[in-house]
Each structure stands twice: as structure tokens, then as C-alpha cells.
Amino acid sequence: IVALVIVTGCAASSGLKPTASLEEVLAEQQSEQANKIKDFNRALFSSVSSAPSYSDYLIGPGDLLTVTVFEAPELNTEARVSARGFITLPLLGPVEIKGLTSSEAEKKIENLYKERYLRNPHVTIFIKEQYAAKVTILGSVNKPGTYDYPSRQRLLDVLAMAGGLSEKAGDIVQVRRKVEGKERPEVYIIDMQQLIKEGKAELNIPIQGGDVVFVPEAGTVYVDGAVRKPGVYPIKGKMTVYEAIVAAGGLSNVADESSIKLVRTDKSGKREVIEISLNDIQNNRARELVLHDKDIVYVETNQLEALFYGLRLNFGMGLVGIGYTPPHQR
């Protein structure tokens, strides 16, 4: 009984020591994130389209065009694209060409003249004055800003134009697009892991002039206590407490399943501690509780289990003794 009391005292006083300081874990996580972004940018730059040619130029409002019809010089004209995307041509009247490339506009005008007036017309368009559209790239990219957007490109092309992703970038990219006649913009959410790592090319969506591309920072959660791999983990989607524990290797053998704490700091700096049990998680009572950036999930240690899990018999020199090794050292 005396020996048992002494061992219990040792267990209570030593407890489970942290595997690393928060600063060390954060430094390691930052290094892993930096390597991840380097690999991602390497894949991004190797996936972008070749440099756009002049024929890829997207015609937009304000552009001044010279339209030449070789078979009928009297139809040659100079016209500025209206705010609604039309130019006015002899015989044809208003023709919508907004959002077309130069070559696409040439073919459209050729077909319109062919249908009504000319047998086999050849049309060329010279862009005398450019009023290029803009695309804005914000957030965790190396060169955020507003860029001229003279040609049709896709998401990876414009991310490369902004120098690729920064080390703080998350896995999600938002594309916001104004739609004529709608008060609110359309928002496209792109999972870059699926696009780059899994090769889902359909996610490399075409970008339009006026789009805003936003790359949020990666959210993180710190998981500590009686888990197998304490550390900082990225928040993916609507990540739950259970998913964070799984990311940290699951509960250790000495975890107190009835005492899992979620520590959260609100905008005013006030710290809130929410206690959850494994039973709450399994019964979906904690299903609505999703993680926020910089949350801390801490799993308490069951001291009695830690004691008996750490007990061992020592044999030597004909003697039998009882020793204790803290579970984190086994």
C-alpha cells in the first residue's frame, strides 16, 4: 500500500509532459506549409497556358476598332465598342462582340455579311485603341493587385500572373463575378487540392474581365493533450472536433474520453472553454460545433489509466520492484 501511494504521488506530480512547445510546433508547421506551397506553385506554373497571342485579345467596352472588309472597301469602318458591347457596322447595324476575341469577332462579322450581302467575305479587325478589362487578385498571393486582362485565361493562368500562392495560402480559392441584372455577385469556390493534386481540370474555370480572385489564408487548429500526434493542423472545410482529433492520430491510451476541451478566443480577446465528451461526439450532439481559426482542442488525461498504464515490474538481482514510466515516454 505504501509503495502504491508513493507511485501515485509520482504520477500525479509528473503527469504527461508536453511533447513540444507551442512555438516549436508552429515553427514545424510553418516549414511544412512552406514546402507544401513550393510544391503547389511548381505544379501551378507547369500547368499554366502558353502566353496569349494577339488573336486571343478579348474585345471590351471602350475599345476602338478598325474593321476591314477586303471584298467591299466601302464597308470598311472605324467603330468604338459601346458600354453594352456593340459596334455599329454598315448594312448590319448593331453587332454584339463584347467578350469575343479578335478572331472570333472577325468570323462573326464574316458570317453576318455572308448570310445577307457577300458571297465569301474576308474581314480583319485592328484594335486601334485598347481599353483592357481588369482582373483583381487578392489575398495570399505573392503579388496581389489589379492586372490588365486583355486575353481569355483560366484560374491557374491568373494565379501565375500574381506570382503564385504565398506561404500562408489555404486550399480554397474564391472567384467573385458580377452578373448583369443581379444585385449580388456570383461566387465560385475552387478546391485547389482537387484541381492540382487530383487533376480535376474542370475546376480550372475561365476567368472574365472584372472578376475578383481571392485566396484566403489557411486556418489552423492546435490539438494537444492525450492524443497521439499533438500539433498544429490546417482546418479543411467545416472541420469538427472529432476530425481534428483524427488528424492528430486519435486519442491516446490514457485519454479521458469524458473531458475534451475546446478553447476559443473571440474577437474581443475573451477566452471561452467548451467541454465536450466523446459520447457527445458519437451521439452527434457536437455535430454543429465546427472549428474556427486558431482554436485549441485539448484532451485531458485520465490519471488512473495513466497510472496503471505506466506501471511495470522490475526484475533484477533477485529482487522484484514496482516502477513507473509516464505513458508519453513508452
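The values are calculated or read from the model by the stated rules, or taken from the named source; none is laboratory data. Since the model is a prediction, treat every value here as computed from it, not as a measurement. Positions of Cβ are generated from backbone atoms using ideal geometry, with glycine treated the same way; all protein chains shown enter the neighbour counts. Calculation scope for accessible area: heavy atoms of the full protein, side chains included, ligands and nucleic acids excluded. Shrake-Rupley method; radii C 1.70, N 1.55, O 1.52, S 1.80 Å.
Taking 0.36 nm per residue of separation and subtracting the Cα-Cα distance, full extension of the segment from TYR131 to ASP293 would add 54.2 nm. Which of the three applies to the stretch 170-222, rounded, prolate or oblate, going by the alpha-carbon gyration tensor with a ≥ b ≥ c and a/c under 1.5 meaning rounded? It comes out oblate by the Cα gyration axes.
Run the numbers for THR68 and GLU202: contour at 0.36 nm per residue of separation, minus the present Cα-Cα distance, in nm.
Details: separation 134, 0.36 × 134 = 48.24 nm, distance 3.74 nm.
Full-extension gain reported as 44.5 nm.
In straight-distance terms, cross-link reach from LYS178 covers every one of the lysines whose alpha-carbon lies under 22 Å from its own, apart from those fewer than eight places away in the same chain; here that gives LYS98, LYS134.
Of the peptides 149-161, 75-87, the ranking by mean beta-carbon count within 10 Å, highest at the top, reads 149-161, 75-87. Give the calculated FRET efficiency between LYS238 and SER82 to the nearest 0.05, with a Förster radius of 51 Å applied to their Cβ-Cβ distance. After rounding, the FRET efficiency stands at 0.70.
Which whole-number value in Å² is the accessible area per residue of the stretch 152-266, probe 1.4 Å?
Values: 5690 Å² over 115 residues.
Normalised by residue count, the accessible surface of the stretch 152-266 is 49 Å².
All other residues with a Cβ under 14 Å from the Cβ of THR68 taken together, and with Lys, Arg as +1 and Asp, Glu as -1, what is their net charge? Counting the neighbours of THR68, the net charge comes to -4.
Note that the stretch 66-206 shows a convex hull volume over its alpha carbon atoms of 143 Å³ per residue.
Karplus-based coupling profile of the stretch 58-75, in residue order and whole Hz: 8, 6, x, x, x, 5, 9, 10, 10, 9, 10, 10, 4, 6, 8, x, 5, 8, with θ = phi - 60° in 6.51 cos²θ - 1.76 cosθ + 1.60 and x standing for Gly or Pro. Taking 0.36 nm per residue of separation and subtracting the current Cα-Cα distance, fully stretching the chain between VAL179 and ALA34 would add 48.6 nm.
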